Every structure is written in structure tokens, then in C-alpha cells.
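Any read-out appearing in this document is the output of simple, stated calculations on the displayed coordinates, not a laboratory observation. Source: prediction; values computed, not measured. No Cβ is skipped: glycine too gets one built from the backbone with ideal geometry, and neighbour counts run over all protein chains shown.
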């Protein structure tokens, strides 16, 4: 047994033969009608759900460029609300940069820690392994908001209060339980024979991880990274508690402050423009990575 042989047998699989056109043409008319009757409720239901979930976003996008009294776009359709957003305090680019920094650090820290943690829980045996894993998952049962004040005190002690790095560390901590769980089931789905074959070929433990297992769990890594990015990009509570300098606000916090900037009057146009700006990176990332995202969720569904 060699590493290359096992990799080929694990990664390569012949696609199922597709039915020939002649076979499909010979299907009885009754069976085709029955198939349509079965599938129609499904498509109607999924289409209705898609409309329900997409309508608020579409309405927000249209309203952000529509004329409305008391906003930056009072006459005709245009981008006046986006101009208001760009000129708000330090500027939208500063807040987008802050959000990008926090999200990027959160993704990097979450991926690195969950990759090593999932690998350790999946491939090694050590005393207290299951207890440690359950303790990690137990963080999910602790309400998010209840830990922010103690974490603020801790960050203040170590000199990371009012810091974007401190916000990223807090968000990483809350992402680790689910991320470690997903990475563990991803590693569990990879046959251990690959590890054994790689070690017989002279690979060390680290070489097995980086050269053999890492490509196999790539869908899980993409899923974990996408989860971490979305959570950090859209988070409001942690920056609200941990950030006091207006120039270090993230985009959600800046949009919240923008809502009541003029004597408590809500600028709905600029707020809707901010929501659109916040949503665009999330939508683009999901569209680009949706294939890997689904594979990452299914990687632990079937083992072997």
C-alpha cells in the first residue's frame, strides 16, 4: 500500500452513468407526470421561502436609491444616501477597513486553532480527551452577552481594550467550539489508512497533516472560515462593548450610530445604504464558496 495509491482510491471515484436520451424518452408518460406532481410542491415551497427571505434585502436595496424626505436623496433616484454614508465622521472606508481587519484576524485565528484542535481530537488519544472536547462545546451553552463584560476587564488588564485585535480575539473564542467540532468530524470522515500509508512512506505527523489530510478537509476549512467571517463581519455586541474610539468602530457599529446622528432623527436612507454595503461582501463570498460550503457540511455525514 502506497500513499499515492490510497490517495487515488480515496479522491477519485467514477461518476455514475447518466441515463441515455433513448432511455429517458421511453419513460412512460404517467411516471413523468407523477414526477412533476411530486416535485411541484417542493419547488413552490422553496421558491416561496426564497421570496420571503430575499424580499427585505431587495426592498432595502431599492429604498437606498429611492427619493425620500429627510435623507440624502430627496429628489429623483440616485446615490445621495451612499454619499452621506461615505462622508459620515471618519468615513466609510475607515469603518470598512476596521471590519475587514477584525474579520480577517478572526478567520485566520479560527482556522489555525480549529484545524489543530480538530486534528488532535480526531487522530490522537490522550487522558481527558472526551472531557476536554465536551468542555469546549459547553461554551456554546453560555450566553454570548454575559461574557463580554468579564472579557472587557480581561482585555483591559492585558492592554487590549479599545483594540480591534482584542475584538478579534473575543470573536475567535466564540467561534472555536463549533469550528473545532466541524473540523473534528471532517477529519473523522478521512480514512485512517491514509495516515498509516503516509507514515510508511516516511511522513512525520506534521507532514501527514499538511500534505495528506489538509487537502481532504479543505471543504470543512472553507465552511469554518465562511462562518467565522460572517460572524465577525456582522457582529455588533462585541465592538459596542469593547470599542470606545469612534475611529475604531466597525461597520455595524458605525451604521447604528448613523441612524440617530441628527437630534435623534433616523436617517433611513443612509441606514439602508449601509445595510446594502454590509450585505454585499457576504453575498459575494457565499456565491463564490457555496459549493465548498455544502461539501463542508456533508463531509461528516458519511464516514468511510
**Complete:** Quick note on 243, 149, ordering by fewest other C-beta atoms within 10 Å, gives 149, 243
**Request:** Set the Förster distance to 35 Å, then compute FRET efficiency between residue 125 and residue 153 from the Cβ-Cβ distance, nearest 0.05.
**Result:** 0.40
**Request:** For each of 139, 222, 255, 157, count neighbouring Cβ atoms within 10 Å of the residue's Cβ, then give the residues from fewest to most.
**Result:** 157, 139, 222, 255
**Prompt:** So, in nm, how far is label residue 139 from label residue 161 when the simple model puts each one 7 Å beyond its Cα toward the Cβ?
**Reply:** 2.3 nm
**Asked** Label-point separation (nm) for residue 288 and residue 192, each offset 7 Å from Cα along Cα-to-Cβ?
**Response** 3.8 nm
**Fill in**
Two pseudo-spin positions, 7 Å from Cα along C-beta at residue 205 and at residue 55, lie apart in nanometres by 5.6 nm
**Asked** Using the alpha-carbon centroid of each, what span in Å lies between region 48-125 and region 151-203?
**Response** 24 Å
**Message:** Sort 125, 75, 196 by Cβ crowding within 10 Å, fewest neighbours at the top.
**Reply:** 125, 75, 196
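Starting from the Cα-Cα distance between residue 240 and residue 146, subtract it from 0.36 nm times their residue separation and give me the gain in nm to one decimal.
On the way: separation 94, 0.36 × 94 = 33.84 nm, distance 1.38 nm.
Residue separation times 0.36 nm, minus the Cα-Cα distance, leaves 32.5 nm.
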